[in-house]
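Quick notes on the structure that follows.
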Amino acid sequence: GNRIQTWNQAAERIFGYSAEEAIGREVIGLIVPDRLKGEIGSIIDRLNRGEVIDRHVNDNVTKDGREITCEWYNTPLYDSRGEWIGWASIVKDITEEKKEADEILYLSRHDPLTGLLNRRSMREKLEEERKRRGRAGGDYSTIMIDIDKFKLFNDEYGHECGDVVLKAVSARIAETIRSTDAASRWGGEEFVVLLPHTDLEGGRGLAEKIRRRIEAERIEYDGGEFGVTVTAGVAACTAGEEPVDECLRRADEALLEGKALGRNRVVAAACA
């Protein structure tokens, strides 16, 4: 059965229900969020069939409606003749531990200033996409973006101003790309955007959209406001054959060409 037979003080403390309130109630109706009822129901069905599921982690809901993350340890129960009669669970609230682990994972993958992916995470994503295109065929594109004359912001107004510019540019990049794309702070004032399953024209179009959006931005700092522009180089990589570094090198060369042509523009690299 799914009805609670015993309910100790630890369960009272974690879920907020007294033993009187909990005993006789169905576990699923009492402490499982609606969205997980099917999933937890199937785990309970398996436990009821005598299957051993030592440990599982899932979200639960407390008496006052808070969602918490719990770790469950389950033990099958047998009578004196060795017949299976049910199961007992020990539960531990691991909400804080999970939050901490999630934060550590987030910080290890993202740039702390801009919130974009960091260089290492972007490298992993580029490598995954290269392999995927190798299997599925088609192109992916990379955009390398550099803030024009960034040194002037730092020299003239100080590093705090430089940080404001980096955050503003990052925000515009993040809100312009599609949900399937990924953006990273590659280092300093340079950004790399990955566009899965996108050819050179698609990459150029998105880079131009980013460039225009940033050009239209007015950045406020220390009582004044100013504009900022970026230059972008785009490269398309076909069917996963070309190494990631080679694709990035071509995007970087196109970017340098854009700088030489006067900045605030998008240059597409010739295909490999």
Under a straight-distance cross-link criterion of Cα-Cα below 23 Å, which lysines are reachable from Lys125, leaving out those fewer than 8 residues away in the same chain? Lys167, Lys209
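Report the charge-dipole magnitude of region 81-231 in Debye, nearest 20, computed about the Cα centre from +1 at each Lys and Arg Cβ and -1 at each Asp and Glu Cβ.
On the way: 26 positive and 31 negative charges, 171 e Å.
The calculated dipole for region 81-231 is roughly 820 debye.
Where the only charges are on Cβ atoms (+1 Lys, Arg; -1 Asp, Glu), what is the dipole of the chain about its Cα centre, to the nearest 20 debye? Intermediate values should be presented prior to the final figure.
On the way: 41 positive and 52 negative charges, 127 e Å.
For the chain, the charge dipole is close to 600 debye.
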Over the residues of region 107-237, compute the C-alpha Rg and express it relative to 2.2 N^0.38 Å. 1.08
Free-by-geometry Cys in the chain, Cβ-Cβ under 4.7 Å as pairing rule, reported as Cys70, Cys161, Cys271
Identify, among Asn74, Ile94, Gly115, the residue whose Cα sits farthest towards the positive end of the charge dipole of region 48-185, taking +1 on the Cβ of Lys and Arg and -1 on the Cβ of Asp and Glu, with the dipole about the Cα centre. Gly115
Taking Cα Rg over 2.2 N^0.38 Å as the quantity of interest, determine which of [x] 1.25; [y] 1.46; [z] 0.94 was computed from the displayed structure. [y]
How big is region 6-85 on each of its three principal axes, counting only the C-alpha atoms and giving the largest first in Å? 41, 26, 19
Describe numerically, in nm with one decimal, the distance between label points set 7 Å from Cα along Cα→Cβ at Arg109 and at Glu215. 3.5
Accessible surface, per residue, of the chain when the full set of protein chains is kept, probe 1.4 Å, Å²: 54
Label-point separation in nm, Asp199 to Arg46, each point 7 Å along Cα→Cβ: 4.6
Net charge dipole size for region 136-187 [Lys, Arg +1 and Asp, Glu -1 on Cβ; Debye, nearest 20]: 120
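Assuming 0.890 mPa s and 25 °C, estimate D for region 1-158 with Stokes-Einstein, Rh taken as the Kirkwood radius over Cα pairs, in µm²/s.
Working: Rh = 20.3 Å.
Roughly 121 µm²/s, to the nearest whole number.
The values are calculated or read from the model by the stated rules, or taken from the named source; none is laboratory data. What you are looking at is a predicted structure, and each value in this text was computed from that prediction instead of being measured. All Cβ positions, glycine included, derive from the backbone under ideal geometry; neighbour counts span all protein chains shown. The protein model used for the area step is the full one, side chains on, heavy atoms only, and it has no ligands, DNA or RNA in it. Shrake-Rupley method; radii C 1.70, N 1.55, O 1.52, S 1.80 Å.
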